[in-house]
Amino acid sequence: MHTTTDVVVIGAGQAGLSAAYHLRRAGFRNETGFVVLDHGKRPGGAWQYRWPSLRLGKVHGIYDLPGLALGHPDLGKPASEVVSEYFGRFERTFDLPVHRPVEVQSVSREGDRLLVASTLDEWSARAVISATGTWDRPFWPRYPGQETFRGRQLHTAEFQSAEEFRGKHVVVVGGGASGTQLLVEIAEVASGTTWVTRRPPEFHEGDFTQEHGRESVAKVDRRVREGLPPESVVSVTGLVLTPELRKAREQGILDRKPMFERIVPDGVVWADGTKQRADVILWATGFRAALDHLAPLHLRTHGGGIRMDGTRVVDEPRLHLVGYGPSASTVGANRAGRSAVHEIRQLLERQ
């Protein structure tokens, strides 16, 4: 089926729903005005896939979507359940035209329009907002001997429960927020843990100020304006030293070691020959932006990124990326949705 519409939003996470809300506020109507294509089977964006033991009270922050507050849910409930219910309530409240599950395969040029294609349908749009996040692209580093490891290897995207690792020695690779959260959780039941990172972790004492937040966003913004891939959030902001992490550091759980040189059948080995036996390697190595569907547009620079001006793609002004680069946060995603819709409205008025 070939459908014509003004705007297609790809993704119904925080950024996509924010954009859809602002499209509705700007006067775009269902179906003919805009559609939201989401590959999830239910509302919730990437949150629906978070591990069950991640309770709402352990989440560093969930920012309200525009026009509808999250309220005061039970902090003991799984974050995946709470956020999925909240996102679904948001979609119903504002009558957003969300189609799911839809796997968008490509976005290509079609004269003065952009063609958004899935396995079943096509949408011809005057503008596209891509809000596909990163969850679909977990990053797996490669190390010598990795294929010989006899234990289990998994990425944080596959993590379900620390109970899976009871009585085992677990090597946790990665210095981000998810890595440290899972390290602390696993340490309670594992026979032992080893934490390795490429760079020494930088812990941030106290709350983030608005000035600190602006500086962090500005660093990422400079990178994407130059066509470079955005860095991870933690590489810019550092790790928030929560009471939980402070206690773990005092207990010696956050005893960071540098990256090992190679992997052997029963563990990992460092350059000096030191070896650590391991039953499990957990790759808490983050995610990359899920932008493969944009490949037909040939937007990648020699630096590996996409040149941006705010949310607008410089080399394809009909395309906006939200939840990407400086807007890859719950607060930034809301602002990016509003900004993208403002620019798209001006673009369509000129056509």
Against the condition in a strand (DSSP E or B), touching an Asp or Glu at 6+ places or on another chain (Cβ under 9 Å) and surrounded by 13 or more Cβ atoms within 10 Å (Cβ to Cβ), how does Val170 come out, does it pass? yes
Give me the pairs: first residue in region 7-30 and on the phi > 0 side of the Ramachandran plot and in the same structural domain as Arg126 (by TED's automatic domain parsing), second residue of a type in the set (Ser, Thr, Tyr) and surrounded by 24 or more Cβ atoms within 10 Å (Cβ to Cβ), beta-carbon distance under 9 Å, and six or more apart or on different chains, which are they? Gly11/Ser130; Gly11/Thr132
Can you tell me which residues in region 39-59 are surrounded by 23 or more Cβ atoms within 10 Å (Cβ to Cβ) and either free of Cβ contacts under 8 Å to residues at least 12 places away in the same chain or in contact with a Gly (Cβ under 6 Å, 6 or more places away or on another chain) (or both)? Pro43, Gly45
Take residues that are farther than 23 Å from Arg152 by Cα and tell me which of the strands (runs of 3 or more DSSP E) falling wholly in region 268-330 contain 2 or more. 316-321
Quick one: which residue in Leu348, Leu254 is modelled with pLDDT under 95, hydrophobic (A, V, I, L, M, F, W, C) and assigned to a helix (DSSP H, G or I)? Leu348
So, in region 42-101, how many residues would count as being within 17 Å of the chain's Cα centre (by Cα) and either among the hydroxyl-bearing types (Ser, Thr, Tyr) or not in a loop (DSSP other than H, G, I, E, B) (or both)? 12
Matching residues, region 186-198, being surrounded by fewer than 22 Cβ atoms within 10 Å (Cβ to Cβ) and either outside any loop (DSSP other than H, G, I, E, B) or not assigned by TED's automatic domain parsing to the domain that holds Arg249 (or both): Ala187, Gly192, Thr194, Val196, Thr197
Among the listed residues Val83, Val8, Val36, which satisfies the condition of being over 20 Å from Arg338 (Cα atoms) and crowded, with 21+ Cβ neighbours inside 10 Å? Val83
Is there a residue in region 127-142 that is modelled with pLDDT of 80 or more, over 20 Å from the mean Cα position of the chain (by Cα) and assigned to a loop (DSSP other than H, G, I, E, B)? yes
Of the criteria (1) at pLDDT 75 or above; (2) charged (D, E, K, R); (3) over 17 Å from Gly286 (Cα atoms); (4) assigned to a loop (DSSP other than H, G, I, E, B), which one Asp207 fails: (1)
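The values are calculated or read from the model by the stated rules, or taken from the named source; none is laboratory data. Source: prediction; values computed, not measured. All Cβ positions, even for glycine, are placed from backbone atoms using ideal geometry, and neighbour counts span all protein chains on display.
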